[in-house]
1. Name the residue, out of 121, 163, that is open to solvent by less than 30 Å² (accessible area, probe 1.4 Å), within 16 Å of residue 10 (Cα to Cα), part of a helix (DSSP H, G or I) and modelled with pLDDT of 85 or more.
2. What about residue 53, is it assigned to a helix (DSSP H, G or I), in contact with a helix residue (DSSP H, G or I) (Cβ under 8 Å, 6 or more places away or on another chain), within 21 Å of residue 167 (Cβ to Cβ) and at pLDDT below 85?
3. From 30, 66, 94, grab the single residue that is modelled with pLDDT of 80 or more and part of a helix (DSSP H, G or I).
4. In segment 1-15, what residues are modelled with pLDDT under 85, in a helix (DSSP H, G or I) and surrounded by fewer than 19 Cβ atoms within 10 Å (Cβ to Cβ)?
Amino acid sequence: MNWQIRTVMAGVLAAIGLYVTFNPVSITTLVAGIIPWLLVGAGAIYLLGVLLRKRVRPLTMILPGLVGVFLVYAGLSLKFGDPRAVGPVGLPFLFALLLIGGGLAKLLSVPGYRKSRYFLLLLGSGVISVVLGLITLFNWADVSAGFLGVVLGLELIADAAFLTGLALRERDKEDAKETLGL
């Protein structure tokens, strides 16, 4: 995937994230309509990312692949099942697990980018996802729809930042420079 497409996708994620962050109460409407398809789309992006990777390392392929499958399952379950639960698990608990899983997947892919100028951007995105997931997990029984909206918006912005970091790495051809040892 070239850097322009990643940049556009990051911009779309950031715009949606800002909308959700500033309109957190509207999350209940989004759950019924847009969020299931966003989850399916995000899962598809994770799965495409696994399939289109240049370097094949099992650890960096398994976790994003599992997160992608889980995102697709969660999106389809929310769309065609109870909009407040995925199977026997409530939405806040599931959302917390998704945040933690996505954050861990980001953090496990970051060591390969240690020499990158965008290392802190990539690392920060993963840390933010894990922290948001832990906050949601430990307060999951008391989580309101407005709080979920703010957390979702911040997570979408963190995902956009991660995608932007990857796009900028590709634009600057950092992979090629690292391969040549520069």
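1. Working: 121 fails: open to solvent by less than 30 Å² (accessible area, probe 1.4 Å).
Exactly one residue qualifies, and that residue is 163.
2. Working: assigned to a helix (DSSP H, G or I): no; in contact with a helix residue (DSSP H, G or I) (Cβ under 8 Å, 6 or more places away or on another chain): yes; within 21 Å of residue 167 (Cβ to Cβ): yes; at pLDDT below 85: yes.
Judged against the criteria, residue 53 is not a match.
3. On the way: 30 fails: modelled with pLDDT of 80 or more; 94 fails: modelled with pLDDT of 80 or more.
Exactly one of 30, 66, 94 is modelled with pLDDT of 80 or more and part of a helix (DSSP H, G or I), namely 66.
4. So in segment 1-15, the residues modelled with pLDDT under 85 come out as 1-3, 6.
Next cut, in a helix (DSSP H, G or I) only: 3, 6.
Residue satisfying the conditions is 3 alone.
The values are calculated or read from the model by the stated rules, or taken from the named source; none is laboratory data. This one's a predicted model, so the numbers in the text were calculated from it and none came from an experiment. Note: ideal-geometry Cβ built from the backbone for every residue, glycine included; neighbour counts use all protein chains shown. These area figures cover heavy atoms from the full protein model, side chains too; ligands, DNA and RNA do not enter into them. Shrake-Rupley method; radii C 1.70, N 1.55, O 1.52, S 1.80 Å.
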